[in-house]
Amino acid sequence: MWRRLLFCCLCLSVLIHLRGVPEAAASEQQQLADGSDEVEFEQSGASALELSARFISLSLLFTPCAALAPIAFLSSGVRNGLWFPLLTSTLARCGPAFIKWGQWAATRPDMFPEGLCDSLETLQSRAPTHSYAFSRKQVEAALEMPLEDAFERFEETPVASGSIAQVGRT
């Protein structure tokens, strides 16, 4: 059980540190495509202040889970009835990388307790959605035109939501 928990913490830590890697990989590929023999690695753009704020935010979000972990370890009722759902909702609030990790963990009953996998399955079928106002702002910024000019109709309620996107009817 402790090895699984340690593995989970390690995976979450890796997900946090990999934030910004796609941009760095794209930059590296471009440098290699340009014929450069050496690749210059750039910072991901996040300042120390931004990273500190994110660390504090994640620490506060995970504090209830950490505080209940010893009790959950000793009591299956607390573990199944309180701690697993609390962990699931915490992962959902922490953002796309954590939701994706939860979705992956839900498919691994060979590594995690069945109750945890059952609880994490909600991240696969009912991932959190963002607001219509946010969707509208993002689509208008990407298309550089008002939503009404780009689409005949754009429904406010999404059809489905995943860890990094949501789908709507147009």
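For the reader, a short list of remarks on this structure follows.
- Radius ratio Rg over Rh of the stretch 57-103, counting only Cα atoms, Kirkwood formula for Rh: 1.00
- Taking a sphere under 10 Å around the Cβ of residue 132 and counting the other residues whose Cβ falls inside, with K and R at +1 and D and E at -1, yields a net charge of 0.
- Heavy atoms of residue 149 accessible to a 1.4 Å probe, total area in Å² rounded to 10: 110 Å²
- Dividing the Cα radius of gyration of the stretch 66-139 by its Kirkwood radius returns 1.08 for Rg/Rh.
- Based on Cα atoms of the stretch 108-170, Rg over Rh with Rh as the Kirkwood radius reads 1.19.
The values are calculated or read from the model by the stated rules, or taken from the named source; none is laboratory data. A quick note: this is a predicted structure, and the numbers were derived from the prediction, not measured. Note that each Cβ is placed from the backbone with ideal geometry, even for glycine, and that neighbours are counted across all protein chains shown. Surface accessibility is based on the protein's heavy atoms, side chains included, excluding ligands, DNA and RNA. Shrake-Rupley method; radii C 1.70, N 1.55, O 1.52, S 1.80 Å.
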